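Accompanying notes for the structure given below.
The values are calculated or read from the model by the stated rules, or taken from the named source; none is laboratory data. This one's a predicted model, so the numbers in the text were calculated from it and none came from an experiment. Positions of Cβ are generated from backbone atoms using ideal geometry, with glycine treated the same way; all protein chains shown enter the neighbour counts. Note: accessible area is taken over every heavy atom of the protein model, side chains too, but ligands, DNA and RNA are not part of it. Shrake-Rupley method; radii C 1.70, N 1.55, O 1.52, S 1.80 Å.
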Amino acid sequence: MILVTGGAGFIGANFVLDWLATRDEPVLNLDALTYAGNRENLASLDGDARHVFVHGDICDRALIDRLLAEHQPRAIVHFAAESHVDRSIHGPGEFMRTNVEGTFTLLEAARAHWQGLDGDAKAAFRFHHVSTDEVYGSLGPNDPAFTETKTYEPNSPYSASKAASDHLVRAWHHTYGLPVTTSNCSNNYGPYHFPEKLIPLIIANALAGKPLPVYGDGQQIRDWLYVTDHCSAIRAILDKGTSGEVYNVGGWNEKPNIDIVKTLCALLDELQPDPAGSYSRLITYVADRPGHDRRYAIDARKIERELGWRPAETFETGIRKTVAWYLEHQDWVAHVQSGAYREWVEKNYAAR
Ligand code: NAD
Ligand code: DAU
């Protein structure tokens with residue numbers, strides 16, 4: 001089996017669902033169920049013996065030691081993290097704990113476990129670390145896209161904590177020989193995306209007739225990838241990646257934020273027309289994010305060339321599927337918009 005951390009969150013849940021839809025190897029899913037983790041994302045696996053869910057923290061070394069000894073996973077796929085840049089600005093402490101201390105704890109547990117293996121099991125073991133393009137910093141308009149050798153220049157508490165975790169993974173390979181791979185991926189979108197992030201927030205707010213907040217001038221550029229394409233990239237790295245290597249994952253799909261917001265308004269106008277005209281009437285420019293990175297772009301040629309990975313979705317197909325999913329799952333959105341969610345919205349947007 002494989003051990004997945006953070007498998008009740010957005011990308012982790014998509015990964016677990018896709019994994020079990022495409023192969024029979026069981027998944028041990030360790031998740032602390034923070035505000036971002038949701039068992040409802042995995043409801044279709046209820047009763048499926050191939051999915052074992054453990055409610056626990058990646059900082060709990062005794063728990064991880066026990067899980068590794070009991071289940072003997074052949075690989076660890078490490079998604080668990082605090083993932084929202086705006087939350088890291090309001091409160092960086094939890095990002096240091098989970099993203100840095102949590103990754104350290106997992107690496108130490110994995111190292112002890114791996115060193116006790118022998119023969120084929122030791123040779124085949126893998127620790128895959130799921131990271132982000134944000135560690136590379138911000139690009140100017142004419143800079144080349146990020147390659148795997150780009151210097152690290154993280155600018156937010158979130159990206160600094162992910163950069164630290166990437167460095168730990170690298171060091172555990174270099175010093176102890178732990179077989180690791182790392183992927184640095186661009187912005188994901190798709191089903192089960194928590195509505196604090198741009199795309200699901202805009203869809204949820206539009207349907208509720210609320211303002212659509214665009215930070216600053218809306219000309220910041222992100223490189224968007226449909227979430228199941230990120231999942232297929234991680235499977236390719238697990239299957240064919242080389243230990244010690246880093247793979248950048250992206251969709252060759254750079255878009256300014258304001259274009260994303262306008263595209264979502266146009267799709268909603270088509271699929272669920274706004275009784276008051278067009279949803280674009282709700283677009284509201286608000287104060288910028290402090291330290292906001294201007295542009296990210298991923299050069300994905302290494303994973304394409306070496307592992308034969310390519311995204312299956314274009315932005316046009318992926319964003320249409322995404323809007324359709326949110327229209328069909330408005331109950332899911334309502335469930336995750338708890339009191340804590342409303343407090344977050346108040347904290348992040350009221351003073352903007
Ligand atoms: P998410 O916030 O939706 O989910 C994170 C999950 O981790 C949740 O289920 C949460 O309960 C769990 N978690 C948090 N702290 C934990 C802890 N201490 N112990 C155990 N579980 C814990 O995040 P996501 O968007 O799915 O991102 C997953 C990973 O992918 C992260 O490492 C993130 O840095 C990376 N990433 C995300 C994107 C993106 O666009 N969302 C892009 C590139 C990389
Ligand atoms: O690049 C990969 C990263 O993408 C991941 O590592 C992060 O975990 C993930 O959250 C995402 O980070 P971003 O900060 O790019 O995502 P977010 O959806 O928060 O914002 C996307 C862009 O939209 C960004 O430029 C900020 C802007 N934005 C965001 C929100 C929430 C707005 O203009 N208004 C908003 O209300």
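Leaving ligands, DNA and RNA out of it, report the carbon-plus-sulfur percent of the accessible area of the stretch 1-87 at a 1.4 Å probe.
That fraction is 51 percent.
With r as the distance between the Cβ atoms of LYS122 and LEU327 and R0 = 51 Å, compute the FRET efficiency 1/(1 + (r/R0)^6) and round to 0.05.
0.55
Measuring with a 1.4 Å probe in the full set of protein chains, what accessible area per residue, in whole Å², belongs to the stretch 155-237?
That works out to 26 Å² per residue.
Compute a Gaussian network model of the chain, connecting alpha carbons closer than 10 Å, and tell me which residue from VAL246, VAL27, VAL286 fluctuates the most.
Among VAL246, VAL27, VAL286, the largest GNM mean-square fluctuation belongs to VAL286.
How long are the three semi-axes of the equivalent ellipsoid for the stretch 12-133, computed from the Cα gyration tensor as the root of 5 times each eigenvalue, in whole Å, largest first?
For the stretch 12-133, the semi-axes come out at 24, 20, 13 Å.
What is the stretch 35-78 by shape, rounded, prolate or oblate, if you read a ≥ b ≥ c off the alpha carbon gyration tensor as root eigenvalues and call it rounded for a/c under 1.5, prolate for a/b larger than b/c, and oblate otherwise?
Note, shape of the stretch 35-78 comes out oblate.
If Rh is defined by the Kirkwood formula over all Cα pairs and Rg also comes from Cα, what ratio Rg/Rh do you get for the stretch 140-211?
1.11
Express the accessible area of the stretch 1-101 per residue in Å², computed with a 1.4 Å probe while the remaining protein chains stay in the model.
It amounts to 38 Å² per residue over the stretch 1-101.
Taking springs between alpha-carbon atoms closer than 10 angstrom, which of SER88, SER338, SER243 fluctuates most in the Gaussian network model of the chain?
Evaluated over the chain, the most mobile residue of the options is SER338.
Tell me the carbon and sulfur percent of the accessible area for the stretch 125-251, rounded to whole percent, probe radius 1.4 Å.
51
Using 7 Å Cα-to-Cβ label points, what is the ARG301/HIS335 separation (nm, one decimal)?
For ARG301 paired with HIS335, the spin-label model returns 4.5 nm.
Students often check this: by mean Cβ neighbours within 10 Å, which of 43-56, 1-14 ranks highest, and how do the rest follow?
Output ranking for 43-56, 1-14: 1-14, 43-56.
With all distinct Cα pairs included, what does the Kirkwood hydrodynamic radius of the chain come out to in Å, to one decimal, could you say?
Result for the chain, one decimal place: 20.7 Å.
For every other residue with a beta carbon closer than 15 angstrom to the beta carbon of TRP252, add +1 if it is Lys or Arg and -1 if Asp or Glu, then tell me the sum.
-1
Can you tell me which of ALA110, ALA171, ALA36 moves the most in a GNM of the chain? Springs connect C-alpha atoms under 10 Å apart.
ALA171
Once amide H atoms are placed 1.01 Å from N in the peptide plane, what residues at a sequence separation of 5 or more from VAL249, or on another chain, have their amide H within under 5 Å of its amide H?
Amide H neighbours of VAL249: ASN184, CYS185, SER186.
Counting Lys +1, Arg +1, Asp -1, Glu -1, what net charge surrounds ASP239 among other residues with beta carbon under 11 Å of its beta carbon?
Here the charged neighbours net out to +4.
Write down the percent of antiparallel bridges among all DSSP beta bridges whose residues are both part of the chain, to the nearest 5.
10
Roughly to the nearest percent, how much of the accessible area of the stretch 284-352 is carbon and sulfur, given a 1.4 Å probe?
Here carbon and sulfur together make up 51 percent of the probe-accessible area.
Between TYR152 and LEU271, 0.36 nm times their residue separation minus their Cα-Cα distance comes to what?
38.7 nm
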